[in-house]
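The values are calculated or read from the model by the stated rules, or taken from the named source; none is laboratory data. The structure displayed is predicted, hence computed values, not measured ones. Here the Cβ positions follow ideal geometry from the backbone for every residue, glycine too, while neighbour counts run over all protein chains shown. Accessible surface is based on the protein model in full, side chains and every heavy atom, while ligands, DNA and RNA are left aside. Shrake-Rupley method; radii C 1.70, N 1.55, O 1.52, S 1.80 Å.
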Amino acid sequence: MSIEEITAFLGSLEGVLTLRPGPGDGSPEISWGDTFFYYAPDGAVPAATQPFATVVTKDYPDDRASRLDRPGVFRLNVAAGREAFVSWTGREPREPADPGEDPGAADTVVAHPVYGGLGWLSVVNPGPRTGEAVRELLRTAHGLARARRQRRTGTEPD
């Protein structure tokens, strides 16, 4: 899956707001080139919530374990919830990671190297092995983000 395919898939889901920071939009330069996905049916960036998925294209100062400095490498990050996290990793989010787990392995669902403790999963360069799993994880994360917004706003499910 390419970044464009991930973006198109998420764009097909109801209420998804896609942000692509770049020069001149007031975003920090380090975020330029990355993509952030929010559940925001009103089209406004939610003030008090994080994206439910992101695509990052480079290492960040506190996040180098995936080795995103390699040519053509990106990482999809998904807040798919505790249940999906346990299903994919075999452990609770706050439990220590398996020392043999490689957060830079391509086309493999792993705990996010920084936010795994919060239940985030990640996939470096999703491909044939993880394509369908990625779509399911993104649908799950979207549904969780939608439910959180409905609880916060007191709106009824669609």
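Numbers below:
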{"quantity": "W120, W88, reordered so the largest accessible area comes first (probe 1.4 Å)", "calculated": "W88, W120"}
{"quantity": "Along the chain, longest interval not containing exposed trypsin sites (Lys or Arg not before Pro), exposed being DSSP loop plus at most 15 other Cβ atoms within 10 Å", "calculated": "1-63"}
{"quantity": "Whole-angstrom Cα spans of the range 1-74 along principal axes, big to small", "calculated": "36, 28, 22"}
{"quantity": "Environment charge at D69 (Cβ cut-off 11 Å; Lys +1, Arg +1, Asp -1, Glu -1)", "calculated": "+3"}
{"quantity": "Value of relative contact order over the range 27-67, rounded to a whole percent, pairs C-alpha under 8 Å and six or more apart", "calculated": "39 percent"}
{"quantity": "Whole-angstrom Cα spans of the range 35-156 along principal axes, big to small", "calculated": "43, 30, 29"}
{"quantity": "Relative contact order of the chain, pairs being alpha-carbon contacts under 8 Å that are 6 or more residues apart, as %", "calculated": "20 percent"}
{"quantity": "Exposed GluC sites (Glu not before Pro) absent: longest stretch of the chain, with sites in DSSP loops and at most 16 other Cβ within 10 Å deemed exposed", "calculated": "15-100"}
